[in-house]
Amino acid sequence: MRLFTEQIAQRAGAILDLEVSHLADAISDPPSQELGDLSLPCFQLAGPLKKAPAAIATQLAAAEWDFPWIETVETAGPYLNFRLRRDHFARLALERVEQGGEQWGAGQSGAGKRVLVEYSSPNIAKHLAIHHLRSTMLGQAMANLLRCAGHEVISWNHLGDWGTGFGKLLACWDQFRDSDNLDDPPLEVRDDPVSDLNALYVQFNLASEADPQLDSLARDWFRKLEAGDPQAVERWQRIRSVSLEKFDTIYQRLGVHFDETVGESHYQDAMLQMVDQLKDAGILEQSDGADVVRLSEEIPPMLIRKQDGATLYGTRDLASAVLRHQMFPFDRCLYVVDAGQGLHFRQVFGVLKLLGYSWADQLEHAEFGVMRLQVDGAWKKGKTRGGQVVLLEDVLEQSVQLASDKVRAKNPDLSDDQVSQISEAVGVGAVIFSDMKSARRKDVNFDLDKILSFDGETGPYLQYTHVRFCSILRKASPLNLVSGDGNRLVEAEELVLLKRILRFPEVIARAARDAEPSHLSQYLLELAGEFNTYYAQHRVISDDAQLSGDRLALVEALQRTLGRGLKLLCVEPLERM
Ligand code: ARG
């Protein structure tokens with residue numbers, strides 16, 4: 001809509017002889033269509049002009065508004081309301097979408113700016129669990145949105161591949177029953193090596209309760225690993241690579257891609273340098289034998305090194321931030337990590353500021369709420385009744401299975417191949433969309449039945465709406481209707497849809513700015529709802545060839561907008577389902 005709102009803002013500025021920045025942003029829809037199609041509130045002009053908003057509106061309404069797409073200009077108290085000439089407006093709107101082509105929605109608000117987005121960041125030797133969904137998908141959507149708004153984006157996976165826990169796996173690699181010997185059969189050829197690693201880990205913990213010696217053995221192994229002992233390193237590398245391979249299959253399924261995957265293991269030297277740097281800056285203090293950095297009154301000191309000299313998760317984050325900025329001097333760096341780590345990031349950012357890094361202000365914790373699952377009728381945080389984590393893969397599988405039942409029931413004539421392709425897109429898309437639907441800081445209750453519903457605020461509902469656009473266009477194609485220029489799109493519901501479509505680039509820019517994919521998901525739901533209202537009242541294809549042509553052009557614009565929007569959210573737009 002900026003094409004229009006900016007012209008209105010400029011004209012208002014000229015009439016009032018006033019420089020007004022951001023006036024276009026204030027222009028929105030009036031509360032009802034009877035009042036007009038666009039509304040300019042005059043409040044922010046009152047200050048600079050020293051005049052009442054209503055008087056300013058009157059002055060503006062009395063002036064000449066010589067635009068072919070404006071029909072009338074009227075006041076309603078402090079508001080200046082515009083009625084648009086629908087035929088002109090429709091033509092210009094469709095032209096706009098047409099010009100956008102395959103890039104429709106892309107913008108320049110991020111031009112010249114580099115953003116590093118860190119997301120997913122799982123720990124190796126464990127499965128991706130349902131709680132990883134949020135960071136992974138919100139992060140990927142943010143990266144997509146930022147790119148679409150013109151930023152240069154670096155996507156970064158901060159792999160959890162270091163820590164004393166890995167000493168345990170190395171210690172019991174071939175310690176227990178034969179079947180647990182990870183060389184026999186070798187980890188790499190097993191069906192599910194990550195589950196075997198998990199099982200071994202659990203076994204170690206059980207065994208170490210009975211035999212505390214095992215813990216010190218594990219510490220020895222971790223020390224060996226740190227010291228570069230070849231056997232320890234080789235085993236650790238194998239654990240790492242089978243884990244990464246597993247992650248990659250799921251990432252692929254979800255449409256997730258990283259430019260850089262840098263594990264916590266990478267920061268061993270950098271961490272020691274970081275400790276020295278903190279010492280040199282005079283901010284490292286001793287506290288109960290450990291090294292800490294004191295921050296403000298409101299936050300507890302950040303622990304840098306434990307009594308036994310071991311460095312920590314947080315210390316690695318300090319080193320990592322420095323490396324990220326060295327490799328990709330960024331204008332903004334997002335950490336898409338759950339809100340529970342808020343204190344951690346305040347400490348990390350605070351210490352970097354104390355060290356004098358000017359870019360520390362550009363670090364943002366793009367936090368999100370928890371995902372809860374229903375266990376015995378109550379909403380719990382991602383664990384089953386037995387306290388086990390719910391695996392992302394299992395949830396996807398279940399969702400695809402349920403989707404497949406529905407797809408088959410709806411389309412008995414589809415081939416098995418088609419059903420499986422469509423249900424993969426619907427099942428996975430439903431899970432992804434459920435994660436993007438509400439503002440990211442909110443907690444979400446994950447309810448598989450609900451998110452798979454074809455109506456309601458769901459992924460399948462949006463995919464279904466897209467399918468509807470495609471099927472209308474398919475039906476029209478043998479009729480040789482020429483796609484029209486929009487001149488005949490004069491229905492009120494058509495104007496609503498065209499205004500919605502034109503807001504697409506602005507919504508993307510806003511979602512990128514706020515790192516908030518839900519701006520887009522909500523927008524798409526509104527678009528689909530408005531179309532369904534329209535479709536209940538008007539026929540796209542009728543005996544009037546010219547009107548049909550115009551309406552088909554509208555459907556094409558809707559299809560492009562919804563299709564592009566879904567892709568940005570990693571949900572596949574389908575042609576049939
Ligand atoms: N690996 C961590 C976990 O699973 C998340 C890492 C978040 N990112 C960071 N830079 N600390 O909890």
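Values quoted throughout were computed directly from the atomic coordinates according to the rules given, and no laboratory measurement underlies them. Computed from a prediction, not measured in an experiment: that's the story for all the values here. Here the Cβ is made from the backbone with ideal geometry for all residues, glycine too, and neighbour counts use every protein chain on show.
General remarks:
- In the calculated pair-distance distribution of the chain, the portion above 29 angstrom amounts to 64 percent of the Cα-Cα pairs.
- Between 0 and 90°, nearest 10: helix 53-62 axis offset from the chain longest Cα axis: 50
- Residues whose placed amide H lies under 5 Å from that of Lys380, excluding near-sequence neighbours: Leu373, Gln374, Val375
- Sparse packing (at most 15 other Cβ atoms within 10 Å of the Cβ) combined with a DSSP loop state is found for the following trypsin sites (Lys or Arg not before Pro) in region 381-460: Lys381, Arg385, Arg441, Lys442.
- Rg/Rh, computed from the Cα trace of region 493-548 with Rh as the Kirkwood radius, has the value 1.13.
- Panel values: region 35-160, Kirkwood radius from alpha carbon pairs, Stokes-Einstein at 20 °C and 1.002 mPa s, translational diffusion coefficient 113 µm²/s.
- Fraction of antiparallel bridges per DSSP, the chain only, in percent to nearest 5: 55
- Charge dipole (region 497-572, unit charges on Cβ, about Cα centre) - positive-most of His538, Leu566, Ala553: Leu566
- Based on the reciprocal of the average 1/r between different C-alpha atoms, the Kirkwood radius for region 282-435 equals 19.5 Å.
- Percent breakdown of C-alpha pair distances by 5 Å bin, ordered from the shortest bin, for region 335-384: 5, 20, 19, 15, 13, 9, 7, 6, 5, 2, 0
- Shape summary: region 56-118 maps onto an equivalent ellipsoid whose semi-axes, from the alpha-carbon gyration tensor, are 34, 20, 9 Å in decreasing order.
- P(r), alpha carbons of region 120-196 - 5 Å bins starting at zero, rounded %: 3, 12, 16, 17, 14, 12, 9, 7, 5, 3, 1, 0
- Region 381-507: Rg to Rh, with Rh as the Kirkwood radius over Cα pairs: 1.08
- Computed packing ranks the peptides 68-78, 549-559, 513-523 as 549-559, 513-523, 68-78, most packed first, by mean other Cβ atoms within 10 Å.
- Rounded to 10°, Cα long-axis angle of helix 132-148 versus longest principal axis of the chain: 50
- Assigned charges on the beta-carbon of Lys, Arg, Asp, Glu; the chain dipole about Cα centre (debye): 1040
- Taking the C-alpha atoms only, the angle from helix 193-210 to the longest principal axis of the chain is near 50 degrees.
- Unsatisfied cross-links (Cα-Cα over 32 Å) in the set Lys279/Lys381; Lys475/Lys499; Lys113/Lys442: Lys279/Lys381
- Calculated from the alpha-carbon coordinates, region 203-300 shows an Rg and a Dmax of 19.1, 48 Å respectively.
- Residue among Pro517, Ala319, Leu391 farthest towards the positive dipole end of the chain, charges placed on Cβ: Pro517
- Applying both filters, DSSP loop and at most 10 other Cβ atoms within 10 Å, to the trypsin sites (Lys or Arg not before Pro) of region 1-59 gives Lys50.
- Restricting the calculation to Cα atoms, region 477-524 yields a radius of gyration followed by a Dmax of 15.2, 45 Å.
- Rg/Rh for region 237-344 (Cα atoms only, Rh after Kirkwood) is 1.02.
- Footprinting exposure proxy ranking of Asp361, Asp413, Asp435, Asp485, fewest other C-beta atoms within 10 angstrom first, gives Asp413, Asp361, Asp485, Asp435.
- Positive-end residue of Ala270, Leu92, Cys470, charge dipole of the chain with Cβ unit charges: Leu92
- Net charge of neighbours whose Cβ lies under 13 Å from the Cβ of Phe330, counting Lys and Arg as +1 and Asp and Glu as -1: -3
- Region 506-561 versus region 396-463: alpha-carbon centroid distance in Å: 21
- Diffusion constant of region 385-453 at 37 °C, which comes from Stokes-Einstein with the Kirkwood Cα-pair radius and 0.692 mPa s, µm²/s: 252
- The stretch between Asp447 and Leu18 holds 149.1 nm of extra length on full extension. This uses 0.36 nm per residue minus the Cα-Cα distance.
- Across region 179-258, Cα-Cα pairs farther apart than 19 Å form 50% of the total.
- Size descriptors for region 131-246, from the alpha-carbon set: Rg then Dmax equal 17.8, 58 Å.
- Between region 33-84 and region 305-368, the alpha-carbon center distance in angstrom: 48
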